[in-house]
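Right, one structure below, let's go through it.
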Amino acid sequence: MSILVDAKSRVVVQGITGREGTFHARACREYGTAIVAGVTPGRGGMDYEGVPVFHTVREAVEKTGANVSLIFVPPVAAADAILESADAGLPLVVCITEGIPIADMVKVRATLERRGTTRLIGPNSPGLITPGACKIGIMPGYIHKPGPVGVVSRSGTLTYEAVAQLTRRGIGQSTCIGIGGDPISGTSFVDVLRLFQQDPVTEAVVLIGEIGGGSEEEAARFARREMTKPIVSFIAGQTAPPGRRMGHAGAIISGGQGTATEKMKILEDCGVRVVRSPEEIGEAVERALKDTAGKRR
Amino acid sequence: MKIHEYQAKQILARFGVPVPKGEVAFNPRDAAAIAARLGGRAVLKAQIHAGGRGKGGGVKIAANVEEAEQIARQMIGMTLVTPQTGPAGRKVRRVLVEETLPIAREIYVGVTLDRGRGAPVVMVSAEGGVNIEEIARDRPESILREPVDPLLGFRAYQARRLAFGLGLKGDEVKQAVSIFTGLMRACEETDALLAEINPLIVAAQGTLVALDAKVNFDDNALFRHPDIRELRDTDEEDPLEVEASAHGLNYIKLDGTVGCMVNGAGLAMATMDVIKLVGGAAANFLDVGGGASAEQVAAAFRILQSDPKVKAVLINIFGGILRVDVLARGVAEAARQVGVKFPVVARLEGTNVEEGRRILLEAGLNLTLSDGMLDAARKVVALAGAR
């Protein structure tokens, strides 16, 4: 078991003929993901390394039964690509693209919320992976290993860091999800925590947050209310200066809001195990798993 | 992206927001000429990308043309220190010369993004003229908010609700509604992430005028606003940050002595945090990104090198998309081009890590390899402190 994606996921890649799209579609397929279609408007009918390419997402879905879209379309057209996938009825859309104008995402999110039929992961996300079953994103697959820990993060490489630590300790992952570094994203920490709580395989969760916004605070309150599984958390940006965007469009302390200190405090108050250094994540998870195993006995 | 007050006012004026008569001057002679056109009496406002200017002597009233010239001479070229500039202050290069207006009332109006709701929100407060963060902290109940439906837009009734909520009367309400909707339209059409009129004044005759204005834009949307992109004033930015952005690098100058080169924004922030944890301080945030080329990495290294505060460098790479060997080649290239003055600690993980380590070891650097983030941070902080 896992959340959102598994070995039955059939992926259509929007922007498959671009540099990034080609490179990562190949890497996903090598990992074992069923890449069943590509979409590049104007290049329908071609065969791209054995993957049929279509002009439109609707056609790709009709002909191949794709049920997840993976988007590598440039920022100027990415919002449109997300809406096209939603309109074609796809229940899950994963958007890797970084740099989509915020106003575009505001409209996309409002539209998806009103339709209520499509979950968007991202944008500005590394994607998600269910180790051993399917990788829909740009993360290095080999650092992962199937197991009981769910990972959710606003970051890319920092997540790989945490995953590599877990794997090195022999602790596998159920599903790892990057919700993205933008201020407006399709899926929140709370959405993912709810899924992990329901997933029978997941026994503990790693939540990697960062400065900006209030999604970690919401996650903390949700955890206290509804989570029985332990959560280990690291918040990046404890030393970030206020008013500056730290690489990610969403990583900014504005008006004194969204500091790491505040987030860490609320998480701790809500019973989350907060670590000060990313290097402590693996060890903290190991302890959390032992504690819950002890309780069950 | 930030712009100056006078530029913000020009944009708002295009959307029907009334602003004081005035022009920008780059030298005292022009300032005097503008004051003369305004009838002699004028207010001179230093144009820098930071607020709180009045407190630092950046806003002064001239009674006549001569005084205007004199004040402009003082202001242009001065280093203005305000609560928002930090102790180093900012050099003033432009002044806005404006008509003075009698003030009966000061109101705050702002449009910002409500991240939780995923939509813009229009906010007003009857307590204008003060920093909105102070109002939010001390008297949150004095702020009225209208969330904007992203698909329906900001509606007239919402603007009216705000205007009546402020206690405006008669024609003032009409003016306020037009100003609030104009401000919101300006945001939508320019991809502004923040737009503030603070204060919006009721002048003695019952006329509403935007006395000060601030607009910040979404950097990711500038591609569709070439006119706004031209308003960028690189004099207001750190020169190293300007150079980094020209190379497509995410670099932010900080105050410490440990230069950092990291891939990924989250990992870059975490690296700064770990340096602090072991008693050091990062000289910068630098995310070389997922797809950095060897040229970009070389440019990044040159930038770290030109920061006089840097005493040692920490390279922390988790190679996923960015292959470790590509990064290593960039560093080796930079070492060849400019020579590396300071010790380097590298912590490398991920794709092609062995090849990356080999290239770095052969690059002729004063190099220490490390296996973990904490260990690397300890080593680099010791090196930075020892010099």
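How many residues does region B:216-266 hold that are closer than 20 Å to B:Ala384 by Cβ, in contact with a Pro (Cβ under 8 Å, 6 or more places away or on another chain) and in a helix (DSSP H, G or I)? I'd like the intermediate steps shown before the answer.
First pass over region B:216-266, keeping only residues closer than 20 Å to B:Ala384 by Cβ: B:240, B:251-262.
Now narrow it down to the ones that are in contact with a Pro (Cβ under 8 Å, 6 or more places away or on another chain): B:252, B:254.
Then drop every residue that is not in a helix (DSSP H, G or I), which leaves none.
Matching residues across region B:216-266 total 0.
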>> Given the options B:Val177, B:Val202, name the one that is at pLDDT 95 or above, farther than 30 Å from A:Ala249 by Cα, surrounded by 21 or more Cβ atoms within 10 Å (Cβ to Cβ) and touching a helix residue (DSSP H, G or I) at 6+ places or on another chain (Cβ under 9 Å).
In response: B:Val202
>> Six or more apart or on different chains, Cβ atoms under 7 Å: show the pairs whose first residue is in region B:117-144 and away from chain A (no Cβ under 14 Å) and without any contact (Cβ under 8 Å) to a residue 40 or more places away in the chain and whose second is in a helix (DSSP H, G or I) and not β-branched (Val, Ile, Thr).
In response: B:Glu127/B:Ser142; B:Leu144/B:Leu162; B:Leu144/B:Gly165
> How many of the residues making up region A:244-257 are of a type outside the set (D, E, K, R), surrounded by fewer than 21 Cβ atoms within 10 Å (Cβ to Cβ) and facing chain B (nearest Cβ under 8 Å)?
Replying inline: 2
> Taking region B:251-270, which residues are more than 9 Å from chain A (Cβ to nearest Cβ), of a type outside the set (A, V, I, L, M) and buried (at least 24 other Cβ atoms within 10 Å of the Cβ)?
Replying inline: B:Tyr251, B:Gly259, B:Cys260
>> Anything in region A:31-67 that is assigned to a helix (DSSP H, G or I) and in contact (Cβ under 8 Å) with a residue 40 or more places away in the chain? List them, or say none.
In response: A:Tyr31, A:Val57, A:Ala60, A:Val61, A:Thr64
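Condition first: within 13 Å of chain A (Cβ to nearest Cβ) and under 30 Å from B:Ile143 (Cβ atoms). Can you find one or more residues in region B:227-240 that meet it?
Start the filter on region B:227-240 by keeping residues that are within 13 Å of chain A (Cβ to nearest Cβ), which leaves B:228, B:237-238.
From the residues that got through so far, the ones that are under 30 Å from B:Ile143 (Cβ atoms) too are B:228.
For region B:227-240, residues within 13 Å of chain A (Cβ to nearest Cβ) and under 30 Å from B:Ile143 (Cβ atoms): present.
For the structure I just gave you, tell me whether B:Val111 is away from chain A (no Cβ under 14 Å), surrounded by 18 or more Cβ atoms within 10 Å (Cβ to Cβ) and of a type in the set (A, V, I, L, M). Outline the logic, then answer.
Values: away from chain A (no Cβ under 14 Å): no; surrounded by 18 or more Cβ atoms within 10 Å (Cβ to Cβ): yes; of a type in the set (A, V, I, L, M): yes.
Judged against the criteria, B:Val111 is not a match.
Can you tell me which residue is nearest to the other protein chains (Cβ to nearest Cβ) among those in region B:277-297 that are of a type in the set (Val, Ile, Thr) and farther than 25 Å from A:Ser233 by Cβ?
B:Val288
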>> Quick check on this structure: which one of A:Arg29, A:Arg58, A:Arg43 is over 23 Å from A:Asp6 (Cα atoms) and basic (Lys, Arg)?
In response: A:Arg43
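From B:Glu236, B:Glu189, grab the single residue that is over 30 Å from B:Val345 (Cβ atoms) and crowded, with 17+ Cβ neighbours inside 10 Å. I'd like the intermediate steps shown before the answer.
Values: B:Glu189 fails: crowded, with 17+ Cβ neighbours inside 10 Å.
Going through B:Glu236, B:Glu189 in turn, the sole match is B:Glu236.
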> Out of all the residues in region A:190-233, which are over 26 Å from B:Asp273 (Cα atoms) and of a type in the set (Lys, Arg)?
Replying inline: A:Arg194, A:Arg224, A:Arg225, A:Lys229
>> Just to check your reading of the model, which residue among B:Val313, B:Val274, B:Val326 is within 19 Å of B:Val344 (Cα to Cα), buried (at least 20 other Cβ atoms within 10 Å of the Cβ), within 11 Å of chain A (Cβ to nearest Cβ) and touching a helix residue (DSSP H, G or I) at 6+ places or on another chain (Cβ under 7 Å)?
In response: B:Val274
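For region B:321-374, give me each residue that is among the charged types (D, E, K, R) and not in a loop (DSSP other than H, G, I, E, B). Reasoning before the result, please.
Initially, region B:321-374 is screened for residues among the charged types (D, E, K, R), giving B:323, B:325, B:329, B:333, B:336, B:341, B:347, B:349, B:354-355, B:357-358, B:362, B:371.
Residues satisfying the conditions are B:Asp325, B:Arg329, B:Glu333, B:Arg336, B:Arg347, B:Glu349, B:Glu354, B:Glu355, B:Arg357, B:Arg358.
Which one is nearest to the other protein chains (Cβ to nearest Cβ) among residues in region A:110-130 that are surrounded by fewer than 24 Cβ atoms within 10 Å (Cβ to Cβ) and not β-branched (Val, Ile, Thr)? Steps first, please.
First, pick out the residues of region A:110-130 that are surrounded by fewer than 24 Cβ atoms within 10 Å (Cβ to Cβ): A:110-119.
Keeping just the survivors that are not β-branched (Val, Ile, Thr) gives A:110, A:112-116, A:119.
Numbers: A:Ala110: 4, A:Leu112: 10, A:Glu113: 8, A:Arg114: 8, A:Arg115: 12, A:Gly116: 14, A:Arg119: 15 Å.
So the residue we want is A:Ala110.
Here is a yes/no grid of residues against (1) surrounded by fewer than 23 Cβ atoms within 10 Å (Cβ to Cβ); (2) within 22 Å of A:Ile281 (Cβ to Cβ):
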position	(1), (2)
B:Arg302	yes, no
B:Arg336	yes, no
B:Val344	no, no
B:Arg347	no, yes
B:Glu354	yes, no
B:Ser370	yes, yes
B:Gly385	yes, no
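Any chance region B:337-346 includes a residue that's within 14 Å of chain A (Cβ to nearest Cβ), modelled with pLDDT under 90 and touching a Leu at 6+ places or on another chain (Cβ under 7 Å)?
Going through region B:337-346, the residues within 14 Å of chain A (Cβ to nearest Cβ) turn out to be none.
No.
The values are calculated or read from the model by the stated rules, or taken from the named source; none is laboratory data. A quick note: this is a predicted structure, and the numbers were derived from the prediction, not measured. Here the Cβ is made from the backbone with ideal geometry for all residues, glycine too, and neighbour counts use every protein chain on show.
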